[in-house]
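All remarks here apply to the structure that follows.
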Amino acid sequence: MKCRELADFLMDYVSGELPAENRTHFEFHLSKCKNCHAYLVQYELTIRAGKMACDEMSDELPPIPDELVRAVLAARQKN
Amino acid sequence: MMASTTPVDDEATLVAQLRAGDEAAFERMVRAYGGRLLAVARRIVGSEEDARDVVQDAFMNAFRSLDRFEGNAKLSTWLHRIAVNAALMKLRTRKRKPEQSIETMLPSFLDDGHHEERFQSWEEPVDKLLEQAETRALVRQQIDALPEGYRTVLVLRDIEGLDTEETANVLGLSVNATKIRLHRARQALRTLLAPHFRSTAS
């Protein structure tokens, strides 16, 4: 397996969906290739970073704009 | 995804007031949760205008279905789900935009199949970095910088936790195309984050 193929299989590997045979080749390559190992680690960190960054604390969120509050309240009056 | 902090001290009281038809309570709910719902909607639908429509739809839907809200659930979680559904509805009815290319954000390979780039290790632990507000804001900015069709898949799958079939269905894509898009979106986000996360120690 080449680095290029490893990159293709990355998603299935991290989700545990890579078939056993490919998995063996994948892990063999990984054990020999520091660069692909670094890439795998960063791919996983990227997923986690996205999740963590979008789970905002309340003080990270700008308040709802006043005109949108007014629009929502007006829409409610009509219902 | 919900943050641990709740902008309302006493959700139970607010819910009781809402059910009693209290006008002021409705406005309190909109002000307390609107900012969060707007952020969620914006991430999914992209445009500010559509996101505002989504928030308005979400509050109307919440208002109409208040009697179905179960007391033991969190109001914030319930509203979040309603907003995601309203955003999905928006995506379904919206015209597909022309695709932006993502190629330049994907890894490139030499003819022999090796990576062209040598990946420098990242500052660790990344979790620690992500406790900082600036880092978290930076990651959100980079997600926003992804080409639209890729950002949406990444947000629905990795952030909102929809499964592949559901995501494919909403976006009118095949399951396979959805998987490819998610993989590319993650790779592109990695590329965008790399200059910021690179370890200074190595």
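Computed from the coordinates by the stated procedures, all read-outs in this text should not be read as laboratory data. Worth saying up front: this structure is predicted, and the values here are computed from it rather than measured. So basically every Cβ, Gly included, is an ideal-geometry build from the backbone, and we count neighbours across all protein chains shown.
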If I take every Cα pair under 8 Å that is 6 or more residues apart in chain B, average their sequence separation and divide by the length, what percent do I get for the relative contact order?
22
Hydrodynamic radius by Kirkwood, which averages 1/r over all alpha carbon pairs of chain A, in angstrom
16.2
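Less than 12 Å Cβ to Cβ from residue B:133, Lys/Arg counted +1 and Asp/Glu -1: what total charge do the surrounding residues give?
On the way: positive: B:136, B:140; negative: A:56, A:59, A:60, B:131, B:134.
Once positives and negatives cancel, what remains is -3.
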My understanding is that a pair violates if its Cα-Cα distance is over 29 Å; which of B:97/B:179; A:2/B:95; B:74/B:179; A:34/B:179 do that in this structure?
A:2/B:95; B:74/B:179
What would the Debye equation give as log₁₀ I(q)/I(0) for segment B:103-197 at q = 0.10, 0.16, 0.20 Å⁻¹, counting only Cα atoms as equal point scatterers?
-0.32, -0.77, -1.04
If you fit an axis through the alpha-carbon atoms of helix B:75-93 and take the longest principal axis of the Cα set of chain B, what angle between them do you get, 0 to 90°, nearest 10?
60
Chain A: DSSP helices with Cα axial extent of at least 20 Å and average Kyte-Doolittle hydropathy no lower than -0.5:
A:34-54
Average silhouette area of the protein assembly as shown, convex hull of alpha-carbon atoms, in square nanometres:
16.7
If I fit a long axis through the Cα atoms of helix B:48-64 and take the longest principal axis of the Cα atoms of chain B, what angle between them do I get, 0 to 90°, rounded to 10?
40
Centre separation in Å (Cα based) which lies between segment B:14-80 and segment B:111-134
37
Quick one: which residues, 5+ away or cross-chain, put their amide H under 5 Å from the amide H of residue B:198? H built at 1.01 Å from N.
B:123
If one computes P(r) from the Cα atoms of chain B, what percent of pairs lie at distances over 24 Å?
50
